Amino acid sequence: MSAYDPNNVFAKILRGEMPCTKVYEDEVALAFMDIMPRADGHVLVIPKSPARNLMDIEPEALSAVIQRVQTVARAAVKGMAAEGVSIQQFNEAAGGQVVFHIHFHILPRWAGVALRPPGHMGDMAAIAANAEKIKAALG
């Protein structure tokens with residue numbers, strides 16, 4: 001396994017070098033909208049601590065970030081009026097990881113509605129509107 005690269009896209013987002021549509025932030029984690037959403041309201045949650053994946057994140061940092069995943073997932077379900085939620089987390093290229101900073105995908109789900117295929121840019125106005133719904137549900 002390779003070492004953590006501090007120039008990955010999520011590290012750049014954390015440093016403010018790249019933009020994101022933020023829905024939640026505290027001292028532990030940042031949650032922002034996926035620009036290639038597989039579902040309406042697709043959110044990413046990343047820890048602020050540098051970690052490549054599940055195998056190298058400190059247990060305390062993982063425990064703290066998963067609590068934020070739960071908080072944001074609840075808000076995504078409420079804000080998007082979803083019937084359920086899928087949480088995805090990938091490790092290394094063979095496991096489907098594309099950005100090598102540990103992150104969790106929160107995908108609001110509805111019965112009979114399939115996920116969209118990966119790798120397609122979303123409509124930024126729709127993404128921003130969904131972010132507002134999720135932020136409102138966070139309170």
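Values as computed for the structure displayed
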{"item": "Pairs with Cβ under 6 Å, 6+ apart, first in segment 109-138 and free of Cβ contacts under 8 Å to residues at least 40 places away in the same chain, second surrounded by fewer than 16 Cβ atoms within 10 Å (Cβ to Cβ) and outside any helix (DSSP H, G or I)", "result": "Trp110/Glu83; Ala111/Glu83"}
{"item": "Condition check for Ile87: outside any loop (DSSP other than H, G, I, E, B) and open to solvent by 60 Å² or more (accessible area, probe 1.4 Å)", "result": "yes"}
{"item": "Filtered residues of segment 52-64 (kept if under 12 Å from Ala29 (Cβ atoms) and either polar (S, T, N, Q) or in contact with a His (Cβ under 9 Å, 6 or more places away or on another chain) (or both))", "result": "Ser63"}
{"item": "Filter pass, Ala136 being outside any loop (DSSP other than H, G, I, E, B), in contact with a Ser or Thr (Cβ under 9 Å, 6 or more places away or on another chain), over 25 Å from Pro6 (Cβ atoms) and open to solvent by 20 Å² or more (accessible area, probe 1.4 Å)", "result": "no"}
{"item": "Per-region count, segment 35-50, residues within 24 Å of Ser63 (Cβ to Cβ) and open to solvent by 20 Å² or more (accessible area, probe 1.4 Å)", "result": "3"}
{"item": "Within segment 12-30, considering residues that are touching a residue at least 60 places away in the same chain (Cβ under 8 Å) and part of a strand (DSSP E or B), the one surrounded by the most Cβ atoms within 10 Å (Cβ to Cβ)", "result": "Val23"}
{"item": "For Ser2: the one exception among (1) within 23 Å of Ala125 (Cα to Cα); (2) part of a loop (DSSP other than H, G, I, E, B); (3) among the hydroxyl-bearing types (Ser, Thr, Tyr)", "result": "(1)"}
{"item": "Residues (open to solvent by 20 Å² or more (accessible area, probe 1.4 Å) and closer than 15 Å to Gln89 by Cα) located in segment 53-74", "result": "Leu54, Met55, Asp56, Leu62, Ser63, Ile66, Gln67, Arg68, Gln70"}
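The values are calculated or read from the model by the stated rules, or taken from the named source; none is laboratory data. What you see is a predicted model, and the numbers here were worked out from it, not measured in a lab. Reconstructed Cβ throughout: ideal geometry from the backbone, glycine too, with neighbour counts over all protein chains shown. These area figures cover heavy atoms from the full protein model, side chains too; ligands, DNA and RNA do not enter into them. Shrake-Rupley method; radii C 1.70, N 1.55, O 1.52, S 1.80 Å.
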